Amino acid sequence: MEEREGEVRWDGLCSRDAATRAAALDTIGQAVLRRSETIAPVAAEPPTRAADGLLVPAARDGLSEVLARLLTLSKRCPFPDVREKSEAILGEVQELGIRIPRPLGHGPSRFIPEKETIQVGNEDAMMHALFADSFATLGRLDNVTLVMVFHPQYLESFLKTQHYLLQMDGPLPLHYRHYIGIMAAARHQCSYLVNLHVNDFLHVGGDPKWLNGLENAPQKLQNLGELNKMLAHRPWLITKEHIEQLLKTEENSWSLAELIHAVVLLTQYHSLASFTFGCGISPEIDCEGGHTFRPPSVSNYCICDITNGYHGADEIHASPTGIPSTESVCEVEALMEKMKQLQECRDEEEASQEEMATRFEREKRESMFVCSSEDEESAPTRDVSRHFEDTSYGYKDFSRHGMHVPTFRVQDYSWEDHGYSLVNRLYPDVGQLLDEKFHIAYNLTYNTMAMHKDVDTSMLRRAIWNYIHCMFGIRYDDYDYGEINQLLDRSFKVYIKTVVCTPEKTTKRMYDSFWRQFEHSEKVHVNLLLVEARMQAELLYALRAITRYMT
């Protein structure tokens, strides 16, 4: 991944060849030291310190950005030679009397203790291959990847899809793809994803003026704004007229292939925003909020960390109880008992079609009233509203204000029978990649529940998936929606609805309050289900509208 920051070039570090990386590291080291020497204190004098005991700032000539990048590489590169050399360069800069940065926060997630995540350098061979692929492709190993790697099979499919959508041949130019990612992430004020794709957008030659606001982008992209906001918040309102408007707008019109590419990107990034907030993904080390040039205090954090929402590691990651409570152990046992009873009921009797339809409508109606009573602040985010219009437009439940939205019956239009083939026809191979990703998330199991092994979790996974689709008005005729209330308690429903519909409002308390005795990897698995079920729901509404336009 070729990049310049002044005369510093980073592209050689992505090579699989150790000699190429070594040569690149030497060049980077020389360039950084040359730049550092121009602002360092005079060599004959001892390193000068400001009155507050800080070394000379590194802000001049873009050096601070370069040092932050080196800090990231020293912590987050899958190649040990790059980690070690980056750390050594930082040490040499510090010896010149210049402040070097240190990471803020504790690991890739604010919700998961760092010691329980995969440490870069301690991964197994399969994970290392995934990390190396990600780094070679993107030039970084981001925090989303470091949390998703709890489930390597899914991560492999996710990275393959990302790579194809953003970098391989396709209907849309590269800078359009990243800008659409920014538009989608901004709908949920997800500054984490916006930051990543602003950098990628500029790297592939995007016009910096577009980043001043959607009104500065080409009219063709501005026209996508309406579809973006409906997909993100109220996909059931999308009609074939919306599609026609985009395809028939004189010189700013979209082709069908371009529109499919855009729709897949929008839905991918709306869902990825859900994952980012749902798993409490921390800012990247080299991004705003990920590092500081202030020294640690005696207690290892200082007042600037507290104001940024970072407290001591013990406080941030303390579990609600510290030890398994009887109540939370009983929660697991009770859930397993309900699953057993429901299976026995299924075997004994089957509800009528009318009763199944009534249960769906009841669950859909009840889902409207599932809301959080949280007054706790969610993660602070930078204002990214300039990347989209109509900031007041958000999620609204179906039947509020007397609006009635007809139920979307999967039997009439499904991903397997309709959406898959439409995507594959207009954007070859993407239907296959998405289908694989949906299936892995839906079928993924280790046959465990908390401390129990050899458990069939298919009933629980189906309840979670179908509950999300139910919130979007999507009904499976062969599913008994009465099971959802048996298997998903209120705190879990609050978490699901928040992560899927208003992810920016997700808090650590919500994450901690459901499935208290389950592993963090199991909660990340829940998030994979939420991500893929949400993405498929959005896609179904958009693809049905495109199909209606075409017929």
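The values are calculated or read from the model by the stated rules, or taken from the named source; none is laboratory data. Quick caveat, the model's predicted, so the values are computed rather than measured. Please note: Cβ atoms are built from the backbone with ideal geometry, for glycine as well, and neighbour counts cover all protein chains shown. SASA here: full protein model, heavy atoms, side chains in, ligands and nucleic acids out. Shrake-Rupley method; radii C 1.70, N 1.55, O 1.52, S 1.80 Å.
Hey, among the residues in the range 146-169 that are out of contact with any Pro (no Cβ under 7 Å at 6 or more places or on another chain), of a type outside the set (Phe, Trp, Tyr) and crowded, with 22+ Cβ neighbours inside 10 Å, which one's farthest from TRP210 (Cα to Cα)?
Narrowing the range 146-169 to residues out of contact with any Pro (no Cβ under 7 Å at 6 or more places or on another chain): 148-169.
Narrowing the set further to residues that are of a type outside the set (Phe, Trp, Tyr) leaves 148-149, 151-153, 155-157, 159-163, 165-169.
Restricting the remaining residues to those that are crowded, with 22+ Cβ neighbours inside 10 Å gives 148-149, 155, 165.
Values: MET148: 31, VAL149: 34, LEU155: 31, LEU165: 21 Å.
So, considering only residues that are out of contact with any Pro (no Cβ under 7 Å at 6 or more places or on another chain), of a type outside the set (Phe, Trp, Tyr) and crowded, with 22+ Cβ neighbours inside 10 Å, the one farthest from TRP210 (Cα to Cα) is VAL149.
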- Expected output for the range 447-469 (first residue touching a residue at least 60 places away in the same chain (Cβ under 8 Å), partner in a strand (DSSP E or B) and surrounded by fewer than 16 Cβ atoms within 10 Å (Cβ to Cβ), Cβ below 7 Å, 6+ apart or cross-chain) is VAL455/THR448
- Message: Out of LEU335, LEU231, I need the residue that is part of a helix (DSSP H, G or I) and at pLDDT 95 or above. Which one?
- Response: LEU231
- Reported set for the range 79-107 where residues are among the basic types (Lys, Arg), closer than 20 Å to ARG34 by Cβ and in a helix (DSSP H, G or I) is LYS85
- Message: As an exercise: evaluate PHE518 against (1) over 24 Å from the mean Cα position of the chain (by Cα); (2) hydrophobic (A, V, I, L, M, F, W, C); (3) open to solvent by 10 Å² or more (accessible area, probe 1.4 Å) and give the number of the one condition it does not meet.
- Response: (1)
- Filter result (touching a Pro at 6+ places or on another chain (Cβ under 8 Å) and in a helix (DSSP H, G or I)) within the range 234-264: ASN252, ALA257, GLU258, ILE260, HIS261
- Query: Do we have any residue at all in the range 108-115 that's assigned to a helix (DSSP H, G or I) and touching a residue at least 60 places away in the same chain (Cβ under 8 Å)?
  - Reply: yes
